[in-house]
Every structure is written in structure tokens, then in C-alpha cells.
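The values are calculated or read from the model by the stated rules, or taken from the named source; none is laboratory data. Everything quoted here is computed from the prediction, not taken from an experiment. Glycine gets a Cβ as well: all are built from the backbone with ideal geometry, and neighbour counts include every protein chain shown.
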């Protein structure tokens, strides 16, 4: 079996995804694959979150015509000249965003309904040759406006065959269903800077040629806060792991609320049969 190894963490840093605060691997050979899979999952989760954020930003105040455009992450969002309900962001051969992420390729999204902010509006998102920091990203996303909960926007978010790769070409593919509920910012749809929303739901993924699989449950809602440069400020993910030669079968990823806007999380891995637990603390990420 081909193993993911910790050389991929340096590549994550260059890709604008994850970096490691530790110079050595405290797990040794035990749990290396599980820890790498957990961090690769966070890479995928953060990429999906950024895509949602980009689409949400554009559609809250979309281009009014084919001659209009919206600046976003070093590129321009435009209306398709052949379809007034379809929009695209073309990063070409490489554009650096204000968030420090280098993007390539195209994001295209199609709206069904009069307005993204209308209840029951639907958006389908597709990617063409899309990369972040030389990391290929594929898959499709569907967004549905579920109206408002206590006066706050509520969207469902479905990810299908969403795929990322590490620097050695090890892929992770996952599917997810989530709910995004705004806590602040609904009253200012054209200003994303004050947005704060929670994410709940489940996902499942596989890696290394489907030899390893994971199921992820958001046991404590993730919180995205745009007043924080990292955006992710709290939440806990529970992981169930199955596959060849794994040492640990479950674990968790904790974006520690006590840290505030610090950009760190902990990974805890557990071998339930042996009651063995190992924790990797203060893993750093560069934003969601």
C-alpha cells in the first residue's frame, strides 16, 4: 500500500492550505496515514468552504449585465453572455487572491430562480481545470436557499465527488451534505465582511485508491466568522476510519474556540480496541 507521508505538509503550506507547527512527527510510523488523511480532509473542507464563500459573495450582489463584473480574489466574476442566470470566475493560468491563495482555472455557477436570496433558489457549481496552489480540485456543488431561520439566512450545501490531491498525487474524494445558518450579516447582503455563520452536517470520503475511508460528523457546529482572517473560529469534527493497515479507527478534529482567531486545530486519534489515544496539538491552517 502506498502511504501518505509528512512531506505533504510542506506542500500544503505552499498550496495555501495547511502547515505544521511541529518539525518532527510525534506519531512515528504509527498513525502517520491517519493523521495525514485528517489534514488532507481539512484541506478539502477548506477548499469547499472557500468556493462557497466566493459564490455566495458574487450572487448576493451579482453582475447586472454582461458588461458588468465583480472583483474577487484577484479575478473578475462575470455574467455569461449567452445566459443571464449563469456566472463565471476565470482565474486563467494563475491569479493570486487577497487571501494569499494562487488559483487557476474556472468556477462556473448557474442560478435557478429570480434571486439567490429568494427562498428555494438553487445554484449549481462546476469546476474546470481548477487549482489552488497547484493542487487540482474537482467535483460539483449544489446550493439551495432554505429561507430564513429566526431572521437569518439558511442554505443547504451538497458536495459531490469533491476531490483534492496532496503533493505526491494521493487523492481524497468526498461527498457531503451541510447546512449553513447565518448568525450575523444577513441584513447587509452586499457586505460580506460582517458575516458569521454556522456549518452542520456529515460527509464521507475515501483515499489511496479507496483503501481508506472516513466518515465525518460535525459534532459541534463549525463557525465561520469573516471578521477573522482565518474565518474558521470554532467547531469539532468526529472521524470514523476504516481501511488497510490503520492503527487508529476513530478520532476528532477540534478548532478550539478558546484560541479565538488563532488559526490552530488539534487532531486526536484513538484505537478503541486498545483504549489508546494520541493527540497532535496546534496544527496550523491558513484559512477557510
Complete set of residues in segment 68-97 that are part of a loop (DSSP other than H, G, I, E, B), exposed (fewer than 15 other Cβ atoms within 10 Å of the Cβ) and in contact with a strand residue (DSSP E or B) (Cβ under 9 Å, 6 or more places away or on another chain)
68, 92, 93, 94
Would it be correct to say that residue 185 is under 26 Å from residue 150 (Cα atoms), in contact (Cβ under 8 Å) with a residue 40 or more places away in the chain and touching a strand residue (DSSP E or B) at 6+ places or on another chain (Cβ under 9 Å)?
yes
Just checking, how many residues over segment 236-257 are surrounded by fewer than 16 Cβ atoms within 10 Å (Cβ to Cβ) and within 24 Å of residue 99 (Cα to Cα)?
1
Can we say residue 166 is more than 30 Å from residue 71 (Cβ to Cβ), surrounded by 21 or more Cβ atoms within 10 Å (Cβ to Cβ), out of contact with any strand residue (DSSP E or B) (no Cβ under 6 Å at 6 or more places or on another chain) and in contact (Cβ under 8 Å) with a residue 24 or more places away in the chain?
yes
State which residue is modelled with the highest pLDDT when the search covers only segment 238-255 and only residues that are in a loop (DSSP other than H, G, I, E, B), touching a helix residue (DSSP H, G or I) at 6+ places or on another chain (Cβ under 8 Å) and at negative phi.
248
Residue check for residue 108: in a strand (DSSP E or B), modelled with pLDDT of 95 or more and in contact with a strand residue (DSSP E or B) (Cβ under 8 Å, 6 or more places away or on another chain)
yes
Looking at residue 229 and the list (1) out of contact with any strand residue (DSSP E or B) (no Cβ under 8 Å at 6 or more places or on another chain); (2) modelled with pLDDT of 90 or more, which single condition is not satisfied?
(2)
